[in-house]
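Here is the structure we will look at.
What follows is calculated from the coordinates using simple rules that are stated; it is not laboratory data. Just so we're clear, the structure is a prediction, and the values are computed from it rather than from any experiment. Don't worry about glycine lacking a Cβ; one is built from the backbone with ideal geometry, like all the others, and counts go over all protein chains shown.
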């Protein structure tokens, strides 16, 4: 439903159809339909269930007005409607439940608008004219204009380093500030926070895709993804902990392919174990943001991830982002960290617990909730750099020659030395 305009799709379809429960609403609707040049016979008696039955055996109209008044579970019934609606159908719902949450959930499911009963002629006219505008302005979705798709994978070297926070912020900036159609794919199927960061319910889209990869197509993407704003759609999950991830990765690769057709930007929140289990996920990725902390363990894993990218995904441009950086309390200095990984840290995001708490309280992404903070400014710079690198810009990676603290991976001696120092300190404290 409500898919981007596609030339030729509406050619053999009726321009309008309605399925309304009561005569009073039909009496208001029919004169408006005649005024707009449509056939009043297309205003049918019967609500959403009648619409599902009819459209299961006939072509969908360009614009569908459907009554939810007799529906006990509007969201589930809308999903049933999506199963029989062809791509490109603009759906306007009518109902008698005045609930903001329901309104938002319906819009997120793909509904174009929701009208509250009792209907008025002006209300119906405005809604149908706005629905017509989807077809009247096809230029913004013109497929003849080739647009480069930029796919970005955000990979955290350690749990809790802030990779998911960065992924949701970048997706929001691409969509809200740059106005680019953006998809956010959260591959942490059991504990993903993509929807949570945007104050949305994750839905079953991602788990359905994993269970039935053969169903993944443009219509599935349109129905399964949750809309966060006019240009951002997300696919996230909170799968039950007693349901192990049983997939060969085909669903994830198919999703990425569909995103390339439907969006200009893709942001993938990619847990590091995905590189091991499904290395083909980076086949069409342009940029990999490696999110690090200034710790020994993070330095070690950064070296390993960069080495993996160099061997398995040479086409991917890596960017190093140091997150939660606190001056004077880092386990490893920036210069030593860069020497150990043998490349520059491209961006440093300062530690800002107040900004993180503010975003959580507001139910917004970090970048959206903290535009005036230093950390938020760095995230916006990262977004601009990703767009530039995705379009072919080169980045400087060299570091000054220096004896590497970790470059030779002499980690055992460092760890044993650190352990010996702690043991001596403990023994001294005990003796005192």
Run a plain Debye calculation on the stretch 288-327 (Cα atoms as equal point scatterers, no solvent) and give log10 I(q)/I(0) at q = 0.23, 0.24, 0.26, 0.35 Å⁻¹, rounded to two decimals, same order as the q list. -0.73, -0.78, -0.87, -1.20
Relative contact order (percent, whole number), the stretch 16-138, Cα cutoff 8 Å, 6+ residue spacing: 25 percent
Extension gain, residue 41 back to residue 284 (0.36 nm per residue minus Cα-Cα distance, nm): 82.6 nm
What whole number of Å gives the distance from the Cα centroid of the stretch 46-116 to the Cα centroid of the stretch 271-290? 37 Å
Once you place label points 7 Å from the Cα toward the Cβ at residue 34 and residue 86, how far apart are they in nm? 2.9 nm
Can you give me the distance in nm between label points at residue 330 and residue 353, each placed 7 Å from the Cα along the Cα-to-Cβ direction? 2.0 nm
Per-residue Cβ contact counts at 10 Å, fewest first, order 333, 311 as 311, 333
Quick check: pseudo-label points 7 Å beyond the Cα along Cα→Cβ at residue 129 and residue 277, how many nm apart are they? 5.2 nm
I'd like the FRET efficiency for residue 393 and residue 49, computed as 1/(1 + (r/R0)^6) with the beta carbon distance as r and R0 of 60 Å, rounded to 0.05. 0.65
Be a star and scan the stretch 362-380 for residues whose amide nitrogen sits under 13 Å from the point 7 Å along the Cα-to-Cβ vector of residue 100. none
Determine the percent antiparallel among the DSSP beta bridges restricted to the stretch 150-412, to the nearest 5. 10 percent
Given 111-119, 274-282, the highest-first ranking by average Cβ count within 10 Å works out to 111-119, 274-282
